[in-house]
Each structure stands twice: as C-alpha cells, then as structure tokens.
1. Given the criteria over 20 Å from residue 228 (Cβ atoms), away from the ligand (no atom under 15 Å from the Cβ) and part of a helix (DSSP H, G or I), does residue 157 qualify?
2. Among the residues of segment 67-80, what is the count of those that are away from the ligand (no atom under 16 Å from the Cβ) and out of contact with any Lys or Arg (no Cβ under 9 Å at 6 or more places or on another chain)?
3. Restricting the search to segment 160-190, which residues are in a helix (DSSP H, G or I), of a type in the set (A, V, I, L, M) and either within 16 Å of the ligand (Cβ to nearest atom) or surrounded by 23 or more Cβ atoms within 10 Å (Cβ to Cβ) (or both)?
4. May I ask you to list the residues in segment 98-110 that are surrounded by fewer than 18 Cβ atoms within 10 Å (Cβ to Cβ) and either in a helix (DSSP H, G or I) or among the acidic types (Asp, Glu) (or both)?
5. Name the pairs: first residue in segment 154-171 and more than 17 Å from residue 109 (Cβ to Cβ), second residue modelled with pLDDT of 95 or more and polar (S, T, N, Q), Cβ to Cβ under 6 Å, at least 6 apart or on different chains?
6. Quick check on this structure: which one of 123, 150 is closer than 18 Å to residue 63 by Cβ and either buried (at least 18 other Cβ atoms within 10 Å of the Cβ) or in contact (Cβ under 8 Å) with a residue 12 or more places away in the chain (or both)?
7. Hey, could you check segment 32-66 for residues that are within 8 Å of the ligand (Cβ to nearest atom) and under 15 Å from the mean Cα position of the chain (by Cα) and say which is surrounded by the most Cβ atoms within 10 Å (Cβ to Cβ)?
8. List the helices (runs of 4 or more DSSP H) inside segment 1-87, counting only whole elements, that have at least 3 residues being touching a Pro at 6+ places or on another chain (Cβ under 7 Å).
Amino acid sequence: MRLEGKIALITGAGSGMGRVASQIFAREGARIAAIDINGEAAAETAASIKREGGKAISMRADVSNSEDARSMVDAAAREFGGLDVVYNNAGIEGESGFLAQLSEEAFDRVIAINLRGVWLGMKYSLPKLIERGGGAIINTASVAGLVGIKGAAAYCAAKAGVIALTRVGAVEYGRYNIRVNCICPGVINTPMVERITGGKGLSQSGIKRNSVLGRVGTPEEIARTALFLAGDDATFASGAPFIIDGGWVAG
Ligand SMILES: NC(=O)c1ccc[n+]([C@@H]2O[C@H](COP(=O)([O-])OP(=O)(O)OC[C@H]3O[C@@H](n4cnc5c(N)ncnc54)[C@H](O)[C@@H]3O)[C@@H](O)[C@H]2O)c1
C-alpha cells in the first residue's frame with residue numbers, strides 16, 4: 001500500500017475529486033480527515049471509507065475562515081497523532097461574467113475560497129508537517145491558472161495564485177523535507193462541471209476544444225495523480241504544477 005501509516009487531510013472531501021481522492025488514499029492505507037463546508041457530505045465520505053474497513057473522521061470547515069482552517073488541522077492531528085499529507089482541494093466555480101461585469105463580491109468570494117483557503121490550509125498545517133519531520137502538500141490549481149478563460153477572471157486569478165503559492169511553499173519549506181506540488185486538472189467530470197453546464201455536460205465541440213483525447217477526465221484520474229504526489233513515488237517532485245488535462249494546454 002502506497003500510503004501505509006500516513007495521515008492525510010483532504011478539503012472539499014464531500015464531493016467530486018476530493019471524495020474520490022479520500023477513498024483512494026484510504027484504500028492505500030492512509031487515515032483520512034475528510035473536510036468540507038458541507039459537513040454531511042464530508043461525513044458520507046468518511047462513512048464510505050469506514051464501510052470498506054478504512055479509518056476516517058469528518059469535519060465541517062470553511063477553508064476561507066482562519067478559525068475553521070486552524071481547527072481542521074488540529075482535529076486531524078489530535079485524532080490520528082500527526083499529519084503527513086495535506087490536499088488543499090476545496091474550491092468553487094464562482095459566478096460567470098466578463099471581467100468588467102463581475103461584482104466585487106463575486107470576485108472576493110472566489111479569491112477567498114480558492115486562493116486564501118489554500119494559503120490558510122498551508123499556513124496552519126506546515127507546523128504539523130515540520131513536527132513530523134516532513135510531508136507532502138498537494139494543492140488543487142487548474143488549467144485555468146495557465147490560460148485565460150472567458151468569464152472566469154477571478155477563478156483564473158485564484159488558480160494562478162495557487163500555482164505561485166505552491167512554488168513559494170516548496171522553496172521555503174523544502175529544507176524541512178516538505179514537498180509542495182499542485183495539480184492543474186483540465187475538464188473533469190464532477191458535480192462542479194455538471195453545475196457549470198446546467199446538467200447537460202460539455203458539448204462535443206467543447207470536449208474537442210478542451211481535450212485532445214476526445215473526452216473529459218474522471219475524478220479517479222486526478223486522484224491517482226494526487227496519490228502519486230502524496231507518496232514515495234514522488235520523493236523528488238516539488239514546486240511543480242502537474243497538468244492533467246487530456247492535452248488541453250498543449251493544443
Ligand atoms: N471539475 C473540474 O473540471 C475542475 C477542473 C480544474 C480544477 N478544479 C478544481 O478542483 C477542485 C475540486 O472540484 P470538483 O470539480 O471536485 O468540485 P465539487 O463541487 O464536486 O467539489 C468541491 C467541494 O468543495 C467543497 N467546498 C466548497 N467551498 C468550500 C469551502 N469554503 N470550504 C470547504 N469546502 C468547500 C464543496 O462543498 C464540495 O464538496 C476545486 O478546487 C476546483 O476548482 C475542477
């Protein structure tokens with residue numbers, strides 16, 4: 001098992017990629033702190049892990065709130081006796097609208113959750129990882145942090161910021177044996193994309209535009225990348241954005 005004995009905190013664990021990553025990490029031997037602003041959804045993820053014989057706790061926390069961010073890290077470390085892996089995955093799509101039409105509130109909300117939330121998750125977990133003598137942080141960025149997407153100014157800015165935070169975390173904390181990487185998913189089939197497309201899924205032309213493989217990605221494909229980055233297969237990977245996008249950015 002690739003995460004035997006490891007303790008992993010995963011945010012946005014109640015849905016989509018966070019839920020699947022929680023389940024896959026648990027099957028690989030990790031004990032999971034499943035965190036989500038939707039406490040019931042996080043509890044369902046933890047219950048699904050326990051049904052399979054794994055170990056998990058769940059907690060409701062808003063990653064953009066500093067008290068919540070501090071408490072989620074403390075709860076995981078207290079329950080399991082430390083922290084080895086932190087997957088800052090929670091995020092929202094925010095409102096769609098061209099830059100000049102976007103309200104200040106909508107902009108601030110996306111930055112608060114998708115960027116500040118990642119920073120708070122790093123800020124409060126780093127001391128715990130240092131205590132353990134090292135660890136791995138995985139942040140969820142996006143292809144949106146690498147290219148401009150119409151109607152998604154705040155989202156793109158936040159995700160580019162996550163790539164920057166990842167680099168700074170890596171250079172500042174590498175000496176503590178802490179690796180910090182981020183994943184830049186392309187279009188992945190999750191409830192977020194269902195909401196964006198109004199439940200219709202991406203059109204054939206949309207799929208062609210956003211993937212040279214002719215399909216959208218699955219949450220499992222991203223979770224397996226996170227698993228790689230969390231474990232000992234990635235011991236020399238740090239500070240890097242891992243683009244898992246079916247070739248979107250290459251095209
Ligand atoms: N689906 C895609 O195509 C895609 C592509 C690139 C990046 N991403 C990113 O991947 C991550 C996961 O997205 P997903 O597609 O699985 O979406 P999702 O909506 O299925 O899951 C996101 C989860 O985050 C939780 N969440 C939202 N705000 C929160 C907060 N303030 N505090 C704690 N939890 C919160 C939600 O309740 C939800 O359970 C996000 O950061 C998203 O921006 C998604």
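The values are calculated or read from the model by the stated rules, or taken from the named source; none is laboratory data. Quick caveat, the model's predicted, so the values are computed rather than measured. Here Cβ is always computed from backbone atoms with ideal geometry, including for glycine, and neighbour counts include all displayed protein chains.
1. Numbers: over 20 Å from residue 228 (Cβ atoms): yes; away from the ligand (no atom under 15 Å from the Cβ): no; part of a helix (DSSP H, G or I): yes.
No, not satisfied.
2. 1
3. Filtering segment 160-190 down to residues in a helix (DSSP H, G or I) leaves 160-176.
Pick out the ones that are also of a type in the set (A, V, I, L, M) and you get 160, 162-165, 168, 170-171.
Matches in segment 160-190: 160, 162, 163, 164, 165.
4. At the first step, the residues of segment 98-110 found to be surrounded by fewer than 18 Cβ atoms within 10 Å (Cβ to Cβ) are 98-101, 103-106, 108-109.
Residues satisfying the conditions are 104, 105, 106, 108, 109.
5. Close Cβ pairs (under 6 Å, with a partner that is modelled with pLDDT of 95 or more and polar (S, T, N, Q)) amount to 166/139; 170/238.
6. Values: 150 fails: closer than 18 Å to residue 63 by Cβ.
Just one listed residue meets the conditions, 123.
7. Among those residues, the one meeting the criterion is 35.
8. Values: elements: 16-27, 39-51, 66-80.
Output list reads 16-27.
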